[in-house]
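Notes follow the structure.
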Amino acid sequence: LLGLKPPKLDTKVVDPLSDDELRRLIKACGGKDFRDRRDEALVRLMAETGMRAGEVCSLTVDDVDLSRGLVTVRRGKGGKGRIAPFGPDTARAIDRYIRARRSHRLADTSKLWLGDRGASLGYSGLDKTLKGRAVAAGVGNFHLHLLRNTAATRWLAAGGSEGGLMAVAGWS
């Protein structure tokens, strides 16, 4: 086996959400009830910061600084923490969600994302709710990691550096 070369593997290309698809996904979260506010804040945060689904699910209320537009990932993949910036539209959506969150029966808990059935929002709940929003928006082949791909693509398209993207997205 020493002289053999490993087989070449195909490189999988994942197309990010287009601007139109992202707009439709955000619009599908439009409304004023608890779930609508939560889901819009989730989509905006994930599409802007590139946070992993598990990182988003583990956020606490104290991890978000709305006035400075920063979210702290305490323990990302590989145990690494980081701080990721977000813009005013995302801050506004998170603020609206936090205000709606105050009337939830688990409002006293530290978990940021709460489910609509009296529990915190876990990975499977996040996956199910955002896939439902994608169907409503007419966005096909949606999966949670697509928001991470979209964030990276948008960062680079806006002139962001690869080094900055690596720091914000938690890549080494």
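Taking R0 as 41 Å, what's the FRET efficiency between Leu4 and Ala167 from their Cβ-Cβ distance, rounded to 0.05? It comes to 0.60.
Pairs of Cα atoms in the range 1-61 fall into 10 Å distance bins, from 0 up to the last occupied one, in shares of 17, 34, 22, 11, 10, 5, 1 percent. Split the accessible area of the range 1-110 by element, probe 1.4 Å, and carbon with sulfur accounts for 51%. Charges were assigned to the Cβ only: +1 to each Lys and Arg, -1 to each Asp and Glu. The resulting dipole of the chain about its Cα centre is roughly 380 debye. A convex hull fitted to the Cα coordinates of the range 90-172 yields 142 cubic angstrom per residue. Surface analysis of the range 68-172 yields an accessible area of 56 Å² per residue, using protein heavy atoms and a 1.4 Å probe. Computed across the range 36-125, the Kirkwood hydrodynamic radius from all distinct Cα-Cα pairs reaches 13.1 Å. Convex hull volume of the Cα atoms of the chain, normalised per residue: 149 Å³. Each Cα pair under 8 Å and six or more residues apart adds its sequence gap; the mean of these over the residue count of the chain is a relative contact order of 31 percent.
Each stretch of four or more DSSP H residues adds -39500 (n - 2.57); spread over every residue of the chain, this sum gives -14000 deg cm²/dmol at 222 nm.
Using every Cα-Cα pair within the range 131-172, state what percent have a distance larger than 12 Å. Of the Cα pairs, 63 percent sit more than 12 Å apart.
The values are calculated or read from the model by the stated rules, or taken from the named source; none is laboratory data. The model shown is predicted, which means the values in this text are computed figures rather than measured ones. All Cβ positions, glycine included, derive from the backbone under ideal geometry; neighbour counts span all protein chains shown. Side chains included, ligands, DNA and RNA excluded: accessible areas come from the protein's heavy atoms. Shrake-Rupley method; radii C 1.70, N 1.55, O 1.52, S 1.80 Å.
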